[in-house]
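Have a look at the structure below before the remarks.
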Amino acid sequence: MYFVTFILSTLLLNVLSYTDEALKDQVVNLHGTEGLNVTFDQFSGYITLPDGNKNVHYWLQNIKGNDYTKAPLVFWTNGGPGCSGVLGAMTEQGAFRPTKDLKLSLNDFSWNGVANMVFIESPVGVGYSYSDNDDDYTMGDAQTAQDNYDLIQGFLKKFPELASNDLYITSESYGGHYLPTWAKKIVDENTAGKNPKLNFKGFAVGNPYTNVYTGTASGLVTYWGHQIVAKPTWDKFEENCIDVKVPKLQKCEELMIEMYRQVGNLNPYALDYPVCVSDEGKKLQSRQAKFFKDFLHKDSAAELRKAIGLSSTPSVTGMPEYDPCVDDYTIDYMNLDDVKTQLHVKSDIKWSECSYKIRYSQKDSRADMTGYYNYLIDGGYDLNILVYSGDDDSVCSTEGTQSWIWDLGYKSIKQIWRSYSLNDQQAGYWTQFEGKLTFLTVRNAGHEVPTYQPEVALDLFTKYLKGEWFQ
């Protein structure tokens, strides 16, 4: 009886603290949650940015069973550029997992066990986010950082009771661009003092795409490191593309195509994990591998796309994540009419995991982000910065992250490459640097660490919020 009274009083307290605008976005009786013990409030809707045209979809999942007004506030966006933060909510560290019958199950290792999680679909044109001005679908890193900053300010107007909470931003993959630029925007705006100051504490980014090398090039090195390409092919690639001042581009392209052929139908996001198969047991030509190549080469010439087994123009299929078929369930679930109604989003938008609608700056995609780390660390902003990496990923590999993080100019504190464990099993390695920067690897995790190692991911995130990786 005491427990029931406590839960009711807590929910009543939360309802009384929400603004009218927030209550309009409250999610109740979400499709597929029948019979589930959901111990948190959730909200979904749009934050309209200052120009009045851009509408960014957010999905807030408050902390489980605790007073949300005292918990950290964490924003999550996926990478791409152009992939939806709802991927995080439904296939990674969110509270739910979609099932084959388009119901929901609870994720025991969701990050809203320790924080209020806000999953955003950014920039506009991604997921359910939209603009009334088609020109807004042309953007780059600076505009995305500005929009994400404005989104936080708009969110806190809707939820002012969270304005003083510790604030963090999190992401993965192209989040290697999103987060450093977003963090710089926040600290610069805080310094300028024109807008309400954000209680910004830092960011955590997984398998980050930081510079050009951390993408395709480091992925090919990882193929060799995993011994899934032949030595003669790799030797030729080294000779023509690595150990030369001027790479032989045509030869390199031919060797890259040959390595893709040799790798076959492995999941590039998690090389040692199975791929999705159909009910009949027929392989779906590794949809993970197909999506990766399709999205990576969406702007490549038709001849190159054909040579690596793609159609002449990009498809609009999504990226399967490890269940390995939970991606398919997510696409179907997010496009149910009643789900759209319950999440308060536009009913005429067909949801997809990654957007081919946006026109993102290729120049920005090639930019080196390492200088942003120096700016944020040397500026004395007292941010906790965690860079973590699943070591089974070839898309933004651990080798790629190691290629830049040791050269930022910060000395390690204590011993480098220390082991850490969970449940008496070694979970990975970590190195703490000066300036509150920590690099951490996750054993046997793919590109989306919470998907492949959910318990380890929750543990590392909990320790991040407590500051344990920086002591």
Among (1) assigned to a loop (DSSP other than H, G, I, E, B); (2) out of contact with any Gly (no Cβ under 9 Å at 6 or more places or on another chain); (3) at pLDDT 95 or above, which single condition is Gly52 missing?
-> (3)
Given the structure, is Val118 in the same structural domain as Val38 (by TED's automatic domain parsing), touching a Leu at 6+ places or on another chain (Cβ under 6 Å) and not in a loop (DSSP other than H, G, I, E, B)?
-> yes
Of the residues in the stretch 63-110, how many are over 22 Å from Tyr209 (Cα atoms) and part of a loop (DSSP other than H, G, I, E, B)?
-> 18
Output yes when any residue across the stretch 25-41 is under 23 Å from the mean Cα position of the chain (by Cα), among the charged types (D, E, K, R) and surrounded by fewer than 19 Cβ atoms within 10 Å (Cβ to Cβ), and no when none is.
-> no
Sort through Ile358, Ile385 and tell me the only one that's in contact with a Leu (Cβ under 7 Å, 6 or more places away or on another chain) and aliphatic (A, V, I, L, M).
-> Ile385
For the subset of the stretch 111-143 comprising residues that are out of contact with any His (no Cβ under 8 Å at 6 or more places or on another chain) and hydroxyl-bearing (Ser, Thr, Tyr), which member is nearest to Asn195 (Cα to Cα)?
-> Ser122
Tally of residues being of a type in the set (Ser, Thr, Tyr) and more than 16 Å from Gly371 (Cβ to Cβ) across the stretch 201-228 | 4
Mind checking whether some residue in the stretch 145-154 is outside any helix (DSSP H, G or I) and assigned by TED's automatic domain parsing to the domain that holds Thr462?
-> no
Report whether or not Ala445 is among the hydrophobic types (A, V, I, L, M, F, W, C) and either under 18 Å from the mean Cα position of the chain (by Cα) or in the same structural domain as Val275 (by TED's automatic domain parsing) (or both).
-> yes
Look at Val205 and say whether it is surrounded by fewer than 23 Cβ atoms within 10 Å (Cβ to Cβ) and modelled with pLDDT of 95 or more.
-> no
Somewhere in the stretch 119-129, is a residue under 27 Å from Val326 (Cβ atoms), among the polar types (S, T, N, Q) and under 14 Å from the mean Cα position of the chain (by Cα)?
-> yes
Matching residues, the stretch 141-183, being crowded, with 19+ Cβ neighbours inside 10 Å and among the basic types (Lys, Arg) = Lys158
What are the pairs, 6+ residues apart or on separate chains, where a residue within the stretch 223-237 that is assigned to a loop (DSSP other than H, G, I, E, B) has its Cβ under 7 Å from a residue that is surrounded by 18 or more Cβ atoms within 10 Å (Cβ to Cβ) and of a type in the set (Val, Ile, Thr)?
-> Ile228/Val263; Val229/Val263
Which one is nearest to Asp327 (Cα to Cα) among residues in the stretch 343-389 that are outside any loop (DSSP other than H, G, I, E, B) and among the aliphatic types (A, V, I, L, M)?
-> Val387
The one condition in (1) part of a loop (DSSP other than H, G, I, E, B); (2) outside the structural domain of Arg443 (by TED's automatic domain parsing); (3) of a type outside the set (Asp, Glu) that Lys340 fails to fulfil = (1)
Would you say Thr401 is touching a residue at least 24 places away in the same chain (Cβ under 8 Å) and outside any strand (DSSP E or B)?
-> yes
Kindly indicate which of Gly428, Gly446 is crowded, with 22+ Cβ neighbours inside 10 Å, touching a strand residue (DSSP E or B) at 6+ places or on another chain (Cβ under 8 Å), assigned to a strand (DSSP E or B) and of a type outside the set (Ser, Thr, Tyr).
-> Gly428
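The values are calculated or read from the model by the stated rules, or taken from the named source; none is laboratory data. Because the structure is a prediction, the values reported are computed rather than measured. Every residue, glycine as well, gets a Cβ built from its backbone with ideal geometry; the counts of neighbours run over all protein chains shown.
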